[in-house]
Amino acid sequence: MPDESKIALNCPCCGEPIYETLNWFKQSASICPACDKGLTADQFTAVIDDLEQAIDTSIEERICEPPHTSCCGKNSSCCKNH
């Protein structure tokens, strides 16, 4: 993904939000821009795993959602008699 969107996760050391790409948080080592303390990917693993699972679930729901069959986009019979 060349133009990866940024997300915000709180620094586990100082609590300040860090706005970076998902890949930044997956780096083996990085530095918090607010407190200059060293960070590791392990500190963000649980949050990243939950986030990726939510993204995967959202994509699957969009792909697997059955098509709407009525003119208003709902599964109703509003247009069946027309």
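The values are calculated or read from the model by the stated rules, or taken from the named source; none is laboratory data. Please read these numbers as outputs of a predicted model, since none were measured by experiment. In this analysis, Cβ positions are derived from the backbone assuming ideal geometry, glycine residues included, and neighbour counts consider all displayed protein chains.
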message: Return the residues of the range 39-54 that are of a type outside the set (D, E) and loosely packed, with under 11 Cβ neighbours inside 10 Å; say none if nothing qualifies.
response: A46, Q53, A54
statement: Filtering the range 48-75 down to residues that are modelled with pLDDT of 80 or more and either over 21 Å from S5 (Cα atoms) or polar (S, T, N, Q) (or both) yields Q53, T57, S58, I63
query: Going through the range 11-46 one residue at a time, which ones are in contact (Cβ under 8 Å) with a residue 24 or more places away in the chain and in a helix (DSSP H, G or I)?
result: L22, Q43
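Which one of T45, T40, T57, T21 is among the polar types (S, T, N, Q) and over 17 Å from the mean Cα position of the chain (by Cα)? Can you show your working first?
On the way: T45 fails: over 17 Å from the mean Cα position of the chain (by Cα); T57 fails: over 17 Å from the mean Cα position of the chain (by Cα); T21 fails: over 17 Å from the mean Cα position of the chain (by Cα).
Checking each option against the conditions leaves just T40.
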field: Count of residues meeting criterion [surrounded by fewer than 12 Cβ atoms within 10 Å (Cβ to Cβ) and farther than 20 Å from D49 by Cβ] in the range 1-15
entry: 3
